[in-house]
Amino acid sequence: MLKNGAQTKIARTTKREVPRQRGPYAPGVQRRQELLEAVLRIVARDGVAAVTHRVVAAEANAPLRATTYYFTAKEDMIREAFRFFAEQSILQIDETSKQYLDRDVSPEDAVSLIFETVVQESRNPNTSWAAEFELILAIAREPSFAPEYRAFQERVDEGLQLAMRRIGSRHAARDARIVLAFLRGFELEQLSRPDRKLWQRRMKADLRGLVQALIEGSG
């Protein structure tokens, strides 16, 4: 329970502004999204090195000229894939958070919110764990990709800090980093295991224990 019986509310996260799209018509916006979805599938399946205009066009069942129209170079496709991944993740977080708006919440609610967000990520090819880790590794080889991913990480960190602060943590920034490190480590571990049938139950139990320990340690 919250300290002194106080209960708090999880606030709506601020919507990320959608970047300006090339092409004035809806079909153009749709085609661009299809290409970015293709990039993320390729990245998750074969890694960043496999991304080329020709491979993306084939994956999206689009003409080669479509990829060169929207993305001048391979680096443009990777950079925009970072942004698209971040937008999709934030939209997912916002959608999951709706059920926790305008009502009292507890540490268990915070666990459920985080857990449900992770489950949605695992089911959405646009926010797959494999794609995310491949994109992170790409930064080591191409530092110019870092700003896009850093902005996304800051948004996630802000959301976790808010959740931890509002369920009683006195060290929200520290606790948010610990929770995020746990999530990343758990996701990476599950990717390395062929049989992941029990991961949801195991993860929620471990996350519940971690959040409880952090809150108790804040007293």
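Going highest first, how would you order 36-42, 145-151 by mean Cβ packing within 10 Å?
Descending packing order for the listed peptides: 36-42, 145-151.
So, counting K/R as plus one and D/E as minus one, what does the shell of residues with Cβ under 10 Å around Val43 add up to? Summing Lys/Arg as +1 and Asp/Glu as -1 gives -1. Each label was represented as a point 7 Å from its Cα along the Cα-to-Cβ direction; for Val29 and Leu198 these points are 4.6 nm apart. Each residue of region 60-77 was assigned a 3J(HN,Hα) from its phi angle through the Karplus expression (A = 6.51, B = -1.76, C = 1.60, θ = phi - 60°), giving 8, 6, 10, x, 4, 5, 5, 5, 6, 6, 7, 9, 5, 9, 4, 4, 5, 5 Hz with x at Gly and Pro. Distance between the modelled labels on Asp46 and Arg123, one decimal in nanometres: 2.9 nm (7 Å Cα→Cβ projection).
Peptide packing: for 169-179, 97-107, 54-64, 125-135, the average count of neighbouring Cβ atoms within 10 Å per residue gives the ranking 125-135, 169-179, 54-64, 97-107, highest mean first.
Applying 1/(1 + (r/R0)^6) with R0 = 30 Å to the Cβ-Cβ distance of Arg103 and Glu189 gives a FRET efficiency near 0.35.
Neighbours of Gly217 by Cβ distance under 12 Å: Lys/Arg scored +1, Asp/Glu scored -1, total 0.
Quick note: the coordinates plus some simple rules give every number you see, no bench work behind them. Values in this document were obtained by computation on a predicted structure and should not be read as measured data. Cβ atoms come from the backbone with ideal geometry, glycine included; neighbour counts cover every protein chain shown.
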